[in-house]
1. With θ set to phi - 60°, apply the Karplus curve 6.51 cos²θ - 1.76 cosθ + 1.60 along region B:105-119 and write out the HN-Hα couplings as whole Hz, x wherever there is a Gly or Pro.
2. Using 0.36 nm times the number of residues separating B:Ala95 and B:Leu166, minus their current alpha carbon distance, what extension gain do you get?
3. On full extension of the chain, what length is gained from A:Leu8 through A:Glu88, given 0.36 nm per residue of separation minus the C-alpha to C-alpha distance?
4. Would you mind giving the mean number of other chain beta-carbons within 10 Å of the Cβ of each residue in B:41-52, as a whole number?
5. How many angstrom separate the Cα center of region B:232-264 from the Cα center of region B:179-208?
6. Evaluate the charge dipole of region A:2-263 about its Cα centre and quote only its size in Debye, nearest 20, assuming +1 on the Cβ of each Lys and Arg and -1 on the Cβ of each Asp and Glu.
7. How well do other chains shield peptide A:194-204, expressed as the mean number of their Cβ atoms within 10 Å of each residue Cβ?
8. Order these by the 10 Å Cβ neighbour count, fewest first: A:Met1, B:Met181.
Amino acid sequence: MAEARDLLALYRRLIAARLRAQLQYRTSFALEITGTLLISFIDFVAILVIFANVQQLAQWTLPEVALLYAISGLAFAFTDLAIGHLDEFPRLIRDGNFDLLLVRPRATLFQLLSADFQVRRLGKAVGALAVLAYALANLRIDWDIGRVAMLLLVVPVGVVIFASIWVTTICIAFWSVEAREASNAFTYGGQFLSQFPINVYDQWLRRFLAYIFPIAFVAYFPALYILGKPDPIGLPEWLRFVSPLVAVAAAFVASAVWRVGVRHYQSAGG
Amino acid sequence: MLPLSVRTDLEIARRGYLRYAAYPAATAAGAFTNIIFGLMRASVLLALFAERERIGAYDAAATITYVWVTQGLLNVVALWGWQELALRVRSGDIATDLIRPIHPIRAGLATDYGRALYQLIFRGIPPVAVGALAFGAVLPADPLVWLAFFASLALAVAVSFGFRLLYNLAAFWTTDTRGTMILALVVMSVFSGFTIPIQFFPPWLAAIANATPFPAMVQTPVDIFVGATRGPSVLVALAGQLAWAAGLLVVSYWLFAVGTRRLVVQGG
């Protein structure tokens, strides 16, 4: 317990230092936050254009897809905000600078995650929030305690799932020098996938999404529950409730893979 | 024998090619990412055709082909940005470029063609091959279409380079080029037809897109590839691209001249 409090206090101090640094250049900061906001809208523009041509996409209406987009967008924005700098981690391995983390008296993963905090990435969350407002205003949802709880839970659960995928795939860096691009296929790719109903994908890709990279648990299954919508591909109903368990399992896998990676690390010498 | 200046251009292009060829593992990882995204984009757009037979000149087969070709083109036309010139202006390295006997924009264009050729071979062919072999992308049967496509692609690189120059040249006036670049990339990604074909846009939005140089970077070559542009209108499309490329490059030369006049490099 004391240890957890110590880590939390340390995390807060490190992040506060990052924030002060980023706010030094106000104009750049404002431009970048606007930029990330707009980038997050590109995919939604695509969704709007799709629905300018059809009423339904794989039996989902525009506000329903907007709900998926918003959940996935919010979860990804907060993940990116907190740990997006993991993309720079492969360089640490390549330079051999990972050694520095190994000799410090805190867990390596903790040190890495607390190394940065890119506030400009909040721009993504703003875009997703606007889409969420649009979705909720245009959907007729039969609100009850369960649905409200699900809506509140779904973003933190999504963050844990995305973060676990990020940590797991960036571990490729322990074995290969070009980990970043390959990892991006799963992180950014995962976000793209979760914006759309998984019944647009082929069966083999769907299985991959649901059971190996559990992207379907970020937005698809929780959204089915919130909407009270029958699953177009008829998967069992209990899947709608297990996202938190999936998130916990994913986090365990991520930390296990990380430990294996660290043990494999051999430094660059020097 | 080619004139000396052209031989110099070719040599610069060769060096541009070699610079990228130095990182084969990065290229392989990048091509893998392009293929994964191709798969996902194809699935989403294909779901559209469960509801409709065709949209504009695009049917399901053309749309799948569109997805795989755009995934292949992405890096050829450097849709995700390029800020080499901006960084050289900011660091003052541009001063070295200015004393060289070749105009930096001309040398930059030659380097970019070398880069584009490398990206075409190693980032362009894999997604299109995977799309054609496994996912039903259709390759043109007519060699003339291939010829027109490659001509259009060469022009697309020039248009893209001209536009990239514009947001890089902003570095002469402002120190923050990243923000400018991000905004440029957003506009480019939507209006070039990369995110979704321009033919799918509502008419008013398509009209806006078609009034910009962006479709000349992606949509025009892809339309030729999938057969949405055919016959004499191919020549019109190529002429349009040529006009945009020339226009953007002329404006860039002019901006560069104005910019260098106010440039101050600290040195010693």
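Please treat every number below as a calculation from the coordinates, not as lab data. Worth saying up front: this structure is predicted, and the values here are computed from it rather than measured. Glycine also receives a Cβ, built like all others from the backbone with ideal geometry; neighbour counts cover every protein chain displayed.
1. Karplus-based 3J(HN,Hα) across region B:105-119 equals 6, 5, 4, x, 5, 4, 4, 5, 5, x, 4, 4, 5, 4, 5 Hz.
2. Working: separation 71, 0.36 × 71 = 25.56 nm, distance 1.88 nm.
Contour length minus Cα-Cα distance gives 23.7 nm.
3. So the chain would gain 26.5 nm between A:Leu8 and A:Glu88.
4. Values: counts 3, 3, 10, 12, 4, 4, 12, 7, 2, 6, 8, 2.
Neighbouring Cβ atoms belonging to other protein chains average 6 per residue here.
5. That distance is 20 Å.
6. Working: 22 positive and 18 negative charges, 130 e Å.
Dipole size: approximately 620 debye.
7. Numbers: counts 0, 2, 5, 2, 1, 2, 9, 7, 5, 0, 0.
Across A:194-204, the average partner-chain Cβ count within 10 Å equals 3.
8. Numbers: A:Met1 5, B:Met181 23.
Fewest-to-most ranking of A:Met1, B:Met181: A:Met1, B:Met181.
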